[in-house]
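Input: a single structure, listed below in structure tokens.
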Amino acid sequence: MTFSSLRFAVLPLLLVCLTPQFGSAQTAVWSLERAIAHAQDNNLQVRQGKLGLAGNDIDVDEAKAAFLPNLNGNASHGYNWGQTIDPFTNQFATSRIRSNSLGIGSGITLFGGMANHLRLDQAEERRVAAEFDLQSTQNDVALQVASAFLSVMFAEDALEIASLNVLTTETQVTRIRAFVDAGAAPEADLLDLQAQLASDQSTEVSAQGDVALAKLQLAQTMRLSPEDTDNLRINRPNLDNIGNIPPLPALDKVLDAALTSFPEVKAGESRIRQQEISMDLAKTVGMPRVSASWSYGSGFSGAAQEPLGDPTLEVFTIGITETTLEPVLSSALTYNDYRTRPFSDQIASNVNQSLFFSFSVPIFNGWSVRNGVRRSEIGVEQAQLQLEQTQQGLQQSVERAHRDARNATETLAAAERSEASAKLAFDNAALRFEQGASTQVDYTQARNRYDSARLTALRSKYDLIFRIAILDFYSGRGLRFTL
């Protein structure tokens, strides 16, 4: 759910049901700012967003490391059977021969069409978009907490009204009972008031349940443990200036602030840049590439032999002369025993190195480069349309929020006038009832109208507070309950 759709799903009613989320907590008096911070620190979606952001940091580091050459080592140990050429003695061997090889190698891309630079830019843009997505999620959580916070305030005020009604009715019951005992009032009046008292007490119990439910919803949004819910208390902001509402900010100023600073817009702009970089990357596939590689290694062979002991000079005939038929002699040093050359000696003497440069030019690869660029162009257009859609939705949300705030201002003014009129009517009905000039039914009806007007004014007040808070939030001033 997006931030814009979420806030207007909860605007018609401040008493909203939020998704339960349980976690550890501590019992304390919570201000709105502290409650929002705690919820943002413990919300699962926010934590997932932070992990995603950490993953993007790794992607950036990986893109930077792509500029460095690679370095790899290798080692092998094996045996050969049958007639084969020993790679180190270059002689045929027919017995089982042990061989070992050791080496390291390195390679680097000298030119790849600036692909590494573009991949780094793309990784950094992905991180930017992820950071704005995280801010958007935090905004959603802040709005959930603010709505639940106001729900607690409204429920507590409604409970206070219900409790005062119980006290008022109890006073009236005591007074009428005295009149009935003195024969100055009919018993029916007492019975009616006792029924009203029972109704008021039932309303008070229901209001207590509403407070408990509102606190539970706030605790769940903050991810507090359920056992701390009953002890949850809030630090109520000062709303004494509700009657001195400043003029609403101009719509164009709120729109300008929202369309230039909201994280949803910033994330959309970043994704456009990502797609533009992807298009440049697709073009690099058709560019020449230059790379270099180097290797250093050595090896050991069990077929490499060296003599043992002192040599013996052997003389042998290798032929005869053509004219005199005299024998032609030759000599050679022979040894009676041999051994495999030591491992360290072979490793030192069998060193080999290589250095290569390679150059490749893509000529034709099934139109893959062209198709890759075309797909990237479509991606750019899709990202642009997505940004326009986000901006359009945000603009509509701001316009509705501004209109709702204006309507809420007028609604509160009307509700306060209605409350004032209902109070005058109730005070008059109470006075007439005490003087015996009206019935208990007239008194109860006036009291019920006054209660309804008070609750309507109370609900209108919190509705206006919430809508002004939303406008402030769109304007970039944060989420707060001040007038």
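The values are calculated or read from the model by the stated rules, or taken from the named source; none is laboratory data. On a predicted model such as this, the values are computed, not experimentally measured, just so you know. FYI the Cβ positions are ideal-geometry reconstructions off the backbone, even for glycines, and counts take in every protein chain you see.
Quick notes on this structure:
- Evaluation of PHE154 against (1) in a helix (DSSP H, G or I); (2) surrounded by fewer than 20 Cβ atoms within 10 Å (Cβ to Cβ) (one fails), failing number: (2)
- Of the residues ASP192, ASP240, the single one that is at pLDDT below 90 and closer than 19 Å to ARG459 by Cα is ASP240.
- Only one of GLU416, GLU388 that is in contact (Cβ under 8 Å) with a residue 24 or more places away in the chain and assigned to a helix (DSSP H, G or I): GLU416
- Which numbered condition THR409 misses (of (1) of a type in the set (Val, Ile, Thr); (2) under 19 Å from ILE272 (Cα atoms); (3) at pLDDT below 95): (2)
- Restricting LEU143, LEU159, LEU118 to residues that are in contact with a Phe, Trp or Tyr (Cβ under 8 Å, 6 or more places away or on another chain), assigned to a helix (DSSP H, G or I) and either modelled with pLDDT of 90 or more or over 26 Å from ALA39 (Cα atoms) (or both) narrows the list to LEU143.
- Residues that are closer than 25 Å to ALA457 by Cβ and not aliphatic (A, V, I, L, M) within the stretch 116-159 comprise SER147, PHE149, SER151, PHE154, GLU156, ASP157, listed in sequence order.
- Residue count for the stretch 245-271 under the criterion of being of a type in the set (A, V, I, L, M, F, W, C) and surrounded by fewer than 20 Cβ atoms within 10 Å (Cβ to Cβ): the result is 8.
- Yes/no for LEU455 being free of Cβ contacts under 8 Å to residues at least 12 places away in the same chain, hydrophobic (A, V, I, L, M, F, W, C) and either closer than 30 Å to THR260 by Cβ or outside the structural domain of ASP252 (by TED's automatic domain parsing) (or both): no
- Yes/no for SER452 being surrounded by 13 or more Cβ atoms within 10 Å (Cβ to Cβ) and out of contact with any helix residue (DSSP H, G or I) (no Cβ under 7 Å at 6 or more places or on another chain): yes
- Some residue of the stretch 245-254 being free of Cβ contacts under 8 Å to residues at least 60 places away in the same chain and of a type in the set (A, V, I, L, M): yes
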